[in-house]
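Derivation of every value follows stated rules applied to the coordinates shown; laboratory data play no part. As the structure is a computational prediction, the values presented were derived from the model and not from experiment. So basically every Cβ, Gly included, is an ideal-geometry build from the backbone, and we count neighbours across all protein chains shown.
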Amino acid sequence: MTRKEARDNGFKIVFEYEFQKTSAKELLDLFYTLNPEESAQTDYLNRLVETTLGNLDEIDGFISKYAKDWSISRISKVSLASLRIGLCEMLYDEEIADSIAINEAVELAKIYEGEKAGAFVNGILSSVYKSRQ
């Protein structure tokens, strides 16, 4: 599984969290049970999901701060999952450049929700990026 595929699968698992509200381990176990062809479990996918869900309060704090006039509950679940994955990579993964994390999160939003969602995700992640410079 490539890093891009792991990120896409991680996005889906983080999206599923909004419905299941269970642990990262249980969500990953469910993913691997439903996708036996992904038997080569990747450390990156596991780390991405565990780090995102393990730091959800801090990640959601950034989203709340930079999503002007938008509460977390108003943001679509697709955009929210994209934002969470992007912020996880920006904040906790030193191997991933912020520009790549932003681009990949925007692409996920565009694929699964459309151009407007991509622009929304880009705006928030770019604001976080600028604030950290």
In segment 1-35, the trypsin sites (Lys or Arg not before Pro) that fall in loop regions by DSSP, at most 11 other Cβ within 10 Å: 21
Gaussian network model of the chain, springs between alpha carbon atoms under 10 Å - residue of 79, 99, 71 with greatest fluctuation: 71
Whole-Hz couplings from phi, Karplus 6.51/-1.76/1.60, listed for segment 13-21; x for Gly and Pro: 5, 5, 4, 4, 3, 4, 9, 8, 6
Trypsin sites (Lys or Arg not before Pro) restricted to segment 45-100 and DSSP loop, no more than 13 other C-beta within 10 Å: 68
Counting all C-alpha pairs of segment 34-104, share separated by more than 17 Å (%): 48 percent
Within-11-Å neighbourhood charge of residue 100 [Cβ basis; K, R +1; D, E -1]: -3
Charged-residue dipole, Cβ positions (Lys, Arg, Asp, Glu), the chain about Cα centre, Debye nearest 20: 540 debye
Lys pairs, the chain - Cα-Cα below 18 angstrom, 8 or more residues apart or on other chains: 14
Ellipticity estimate at 222 nm from DSSP helix runs (n ≥ 4, -39,500 (n - 2.57)) divided over the chain, nearest 500: -24500 deg cm²/dmol
Euclidean distance of C-alpha centroids, segment 11-29 and segment 57-133, integer Å: 18 Å
Share of Cα-Cα pairs in the chain lying beyond 24 Å, as whole percent: 22 percent
Under DSSP loop assignment and at most 11 Cβ neighbours within 10 Å, longest GluC sites (Glu not before Pro)-free interval of the chain: 1-93
Chymotrypsin sites (Phe, Trp or Tyr not before Pro) restricted to segment 46-133 and DSSP loop, no more than 15 other C-beta within 10 Å: 70
